[in-house]
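The values are calculated or read from the model by the stated rules, or taken from the named source; none is laboratory data. Everything numeric in this text was worked out from a predicted model, so none of it was measured. Cβ atoms come from the backbone with ideal geometry, glycine included; neighbour counts cover every protein chain shown.
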Amino acid sequence: MITAKARAIDGPDKPFRFAEIKRRELDSDDVLIEIKYAGICHSDIHTAHGDWGPVNYPLVPGHEISGIVTAVGPDVTKYEIGDRVGVGCMVDSCGECENCRKGEEQYCLKGNIPTYAGVDKYGEPTQGGYSTHIVVTEGFVVRIPDNIGLDVAAPLLCAGITTYSPLNHWNAGPGKKVAVVGMGGLGHIAVMIAHAMGAEVTVLSQTLNKKDDGRQFGADHYYATSDPKTFEKLAGTFDLIINTVSAKIDINVYFSLLVLDGTLVNVGAPADHLSVNVFSLIGHRRSFAGSMIGGIRETQEMLNFCSEHTIVPKIEVISADQIDEAYERVLASDVKYRFVIDTSTI
């Protein structure tokens, strides 16, 4: 077994602590990665705090992982020692179901194996990227382009693909009007990607406090949702709305902003259920959809797209001793725009 240093949490009200965890010996198709950076996703907080259900503690979160290959199994063909790589929200799937065969492993009909808070094919709990090393089968590792720093690459492995996938699937591009709800860790990347795709991009945020940043990221328009006039002015405007907010909001008021056949896609995952008024949808043949992450093929496509268009998240690098503080600040919306842990400080 391989021993890795980590930061673990023992319960929803507990602080993070230093831990040592065991990583499996390499199978023939496994890759050992020395983790350099790990992003902090709102999903980490929901899971660590038990918001989404029971958790098998101790837990090591983290599914925005970037690092360097330090060893490979004998049958590995895609990667070599020294390669710059990343790992996102899943580390395996059945590989046999219809969705997996389509390259949509995130929707594996048997359930993909999440990077943390899951159970791997050996029956062992998975532990994530708030650690120094991880072992992953090569099919769930992606290559980080040379012109993207490992620190800014980390958030792309979740926030990047979570926003790229629906923008890609619902054909954001020239002639399309796209709104992004929320200008946080996911939202600011969604703005950059939608802009690079050629769409006309509008940010819908509670206030105008981040308007200048939104413009710099590529937003054409920026409105405060706290102003009731916003919903009157923008009624029937958007082809596509991406809701990145991970808190409960009145989703129904946003349906009125869609054009005929427009779609609102939820990528934020609040702990509480959202109530939907179907009459807000059926009156104009509007659609309400959900999207998770992307498959491995699409994740690599997203990284290549970000490389081509020089899309990098805006981050704040922290030490491992600052994780608890970072969680508090994320919950208070006090981050611009993604915390990234320097794992050398673990």
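Filtered by the rule that a residue be surrounded by 15 or more Cβ atoms within 10 Å (Cβ to Cβ), modelled with pLDDT of 95 or more and among the small types (Gly, Ala, Ser), segment 222-247 gives a lone residue, Ala224.
Scanning segment 167-186 for residues that are surrounded by fewer than 24 Cβ atoms within 10 Å (Cβ to Cβ) and either in contact with a Pro (Cβ under 9 Å, 6 or more places away or on another chain) or closer than 18 Å to Gly290 by Cβ (or both) gives Asn168, His169, Trp170, Asn171. Just to be sure, is Gly262 over 25 Å from Phe16 (Cα atoms), within 16 Å of the chain's Cα centre (by Cα) and small (Gly, Ala, Ser)? Against the criterion (over 25 Å from Phe16 (Cα atoms), within 16 Å of the chain's Cα centre (by Cα) and small (Gly, Ala, Ser)), Gly262 does not qualify.
Conditions (1) out of contact with any Lys or Arg (no Cβ under 6 Å at 6 or more places or on another chain); (2) farther than 29 Å from Trp52 by Cα; (3) in the same structural domain as Gly95 (by TED's automatic domain parsing); (4) in a loop (DSSP other than H, G, I, E, B), marked per residue:
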| residue | (1), (2), (3), (4) |
| --- | --- |
| Val265 | yes, no, no, no |
| Asn277 | yes, no, no, yes |
| Asn304 | yes, yes, yes, no |
| Ser307 | yes, yes, yes, no |
| Arg329 | yes, no, yes, no |
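Glu325 fulfils the conditions (1) under 15 Å from His42 (Cα atoms); (2) touching a residue at least 40 places away in the same chain (Cβ under 8 Å) except for a single criterion, (2). Looking at this structure, is Glu20 among the acidic types (Asp, Glu), closer than 18 Å to Ile134 by Cβ and part of a strand (DSSP E or B)? It is true that Glu20 is among the acidic types (Asp, Glu), closer than 18 Å to Ile134 by Cβ and part of a strand (DSSP E or B). Scanning segment 40-78 for residues that are crowded, with 18+ Cβ neighbours inside 10 Å, among the hydroxyl-bearing types (Ser, Thr, Tyr) and closer than 25 Å to Gln300 by Cα turns up Ser43, Ser66.
Being assigned to a loop (DSSP other than H, G, I, E, B) and under 18 Å from the mean Cα position of the chain (by Cα), is that true of even one residue in segment 216-231?
Keep residues of segment 216-231 that are assigned to a loop (DSSP other than H, G, I, E, B), which gives 218-220, 225-227.
When the remaining residues are screened for being under 18 Å from the mean Cα position of the chain (by Cα), the result is none.
No, the conditions are met nowhere in segment 216-231.
Mind telling me which of the residues Gly103, Gly82 ends up being surrounded by fewer than 17 Cβ atoms within 10 Å (Cβ to Cβ), farther than 19 Å from Ala320 by Cα and under 22 Å from the mean Cα position of the chain (by Cα)?
The conditions single out Gly103.
A single entry from Tyr107, Tyr57, Tyr37 fulfils the requirement of being modelled with pLDDT of 95 or more, of a type in the set (Ser, Thr, Tyr), in contact with a helix residue (DSSP H, G or I) (Cβ under 7 Å, 6 or more places away or on another chain) and under 30 Å from Glu316 (Cα atoms): Tyr37.
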